[in-house]
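A short worksheet on the structure shown next.
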Amino acid sequence: MDPVQILIRVGDTDPDAGGNEEAYQEWLYLAREAGWDVVESSGFREPRGGGTECGLVEIEGLAYRIHYGPRARADLADGETVLTYAAWAEPVQ
């Protein structure tokens with residue numbers, strides 16, 4: 001599994017039920033469980049200015065920003081779009 005494919009639902013529809021640091025730590029855990037050697041560049045940090053970035057990591061020489069925030073997904077039961085809180089990674093370009 002590529003690091004950008006790791007998407008973790010944290011806190012469901014309530015951001016306070018999960019939290020930025022928990023989301024960051026859960027993403028790190030799953031990436032390492034998937035066999036990636038994850039190096040924390042700056043570690044966890046609270047997002048600023050309403051952003052979603054909560055950390056920066058390096059995997060095999062590539063930098064990734066870890067985010068926590070609302071993500072849309074399709075509910076398979078009825079096909080409607082549901083907004084839930086999740087953690088994910090994006091490569092730094």
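The values are calculated or read from the model by the stated rules, or taken from the named source; none is laboratory data. All values derive from a computational prediction rather than experimental measurement. When we count neighbours, we look across all protein chains shown, and the Cβ atoms used for this are built from the backbone with ideal geometry, even at glycine. All accessible areas refer to the heavy atoms of the entire protein, side chains included, with ligands and DNA or RNA removed. Shrake-Rupley method; radii C 1.70, N 1.55, O 1.52, S 1.80 Å.
Summary table below
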| item | result |
| --- | --- |
| Relative contact order computed over the chain (Cα-Cα under 8 Å; 6+ residues apart), in percent | 33 percent |
| Of all accessible heavy-atom area on the chain, the percent that carbon and sulfur account for (1.4 Å) | 46 percent |
| Packing-based order for 82-93, 29-40, using average beta carbon neighbours within 10 Å, highest first | 82-93, 29-40 |
| Net lengthening on full extension, residue 83/residue 37 (0.36 nm per residue, minus Cα-Cα) | 13.5 nm |
| Environment charge at residue 89 (Cβ cut-off 10 Å; Lys +1, Arg +1, Asp -1, Glu -1) | -1 |
| Length gained when the stretch residue 45-residue 4 is fully extended (0.36 nm per residue, less Cα-Cα span) | 12.8 nm |
| Cβ-based net charge around residue 38, under 12 Å, with every Lys or Arg adding one and every Asp or Glu removing one | -4 |
| Gained length - residue 60 relative to residue 90, 0.36 nm times residue gap less alpha-carbon distance | 9.4 nm |
| Answer label for P(r) over Cα pairs in 5 Å bins from 0, in percent (calculated), chosen among (i) 3, 15, 25, 24, 17, 11, 5, 2, 0; (ii) 2, 14, 27, 27, 19, 8, 2, 0; (iii) 3, 15, 29, 25, 15, 8, 4, 1, 0 | (i) |
| Per residue accessible area of the chain, 1.4 Å probe, in Å² | 61 Å² |
| Summed side-chain charge close to residue 3 - residues other than residue 3 whose Cβ falls under 13 Å, Lys, Arg +1, Asp, Glu -1 | -4 |
